[in-house]
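For reference, the structure discussed in these notes is given below.
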Amino acid sequence: RKPLIIELLIVPKTSAERKIIGREQEKRELFAAAKTGDAAGVRRLLKAGLDPNLTTTDLRGVPAERNVPVIIYAATSGDAETVGEFLRAGVEVRSKDE
């Protein structure tokens, strides 16, 4: 068994801390929307400024295989509109390294 890692986030006291915590939550929401084929949710979060090239490595405190791009979650959802949202946002689908 792998050890369970729990990350406790502080209760934000300043607006800057609230913004950081909120952005982490938005990243998780983007992955969830991509995975479930929620094109409207993906569109909203990308318009809010999230990077369409996020990977699971960018998620804090979420146990997941490392370095899996969010576009992979969208592709496995089977929803073409969700994938299209990432393409319109400029996601990199080709990489020299991968």
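The values are calculated or read from the model by the stated rules, or taken from the named source; none is laboratory data. Quick caveat: nothing in here was measured; it's all calculated off a predicted structure. Here the Cβ is made from the backbone with ideal geometry for all residues, glycine too, and neighbour counts use every protein chain on show. The area values use the complete protein model at the heavy-atom level, side chains included, leaving out ligands, DNA and RNA. Shrake-Rupley method; radii C 1.70, N 1.55, O 1.52, S 1.80 Å.
May I ask you to say which residue of ARG44, ARG66, ARG60, ARG28 is more than 30 Å from PRO3 (Cβ to Cβ) and among the basic types (Lys, Arg)?
ARG44
Conditions: (1) of a type in the set (Asp, Glu); (2) at pLDDT 95 or above; (3) surrounded by fewer than 12 Cβ atoms within 10 Å (Cβ to Cβ). GLU81 meets all but one. Number of the miss?
That leaves (3) as the condition not met.
If you check every pair at least six apart or on different chains, which have Cβ atoms under 7 Å apart with a residue in the stretch 75-95 that is in contact (Cβ under 8 Å) with a residue 24 or more places away in the chain first and a residue that is open to solvent by 60 Å² or more (accessible area, probe 1.4 Å) second?
The qualifying pairs are SER77/LYS35; SER77/THR36; THR82/ASP38; GLU85/ARG43.
Give the stretch 1-52 a look and list any residue that's closer than 22 Å to VAL93 by Cβ and in contact with a Pro (Cβ under 7 Å, 6 or more places away or on another chain), or say none.
LEU46
Residue pairs, Cβ under 7 Å, 6 or more apart or interchain, first in the stretch 58-72 and closer than 18 Å to LEU45 by Cα, second open to solvent by less than 40 Å² (accessible area, probe 1.4 Å) and at pLDDT below 90. List them.
The qualifying pairs are ARG60/GLU24.
Does the stretch 44-55 contain at least one residue that is open to solvent by less than 80 Å² (accessible area, probe 1.4 Å), on the phi > 0 side of the Ramachandran plot, in contact (Cβ under 8 Å) with a residue 40 or more places away in the chain and of a type in the set (Gly, Ala, Ser)?
no
Please specify each residue of the stretch 11-40 satisfying the condition of being outside any helix (DSSP H, G or I), under 12 Å from THR82 (Cβ atoms) and open to solvent by 40 Å² or more (accessible area, probe 1.4 Å).
Answer for the stretch 11-40, where residues must be outside any helix (DSSP H, G or I), under 12 Å from THR82 (Cβ atoms) and open to solvent by 40 Å² or more (accessible area, probe 1.4 Å): just ASP38.
Under 6 Å by Cβ, and 6 or more places apart or on different chains, what pairs join a residue from the stretch 1-23 that is without any contact (Cβ under 8 Å) to a residue 12 or more places away in the chain with one that is of a type in the set (Lys, Arg) and not in a loop (DSSP other than H, G, I, E, B)?
PRO12/ARG18
For the stretch 53-80, what are the residues that are touching an Asp or Glu at 6+ places or on another chain (Cβ under 7 Å) and assigned to a loop (DSSP other than H, G, I, E, B)?
ASN53, ARG60, GLY61
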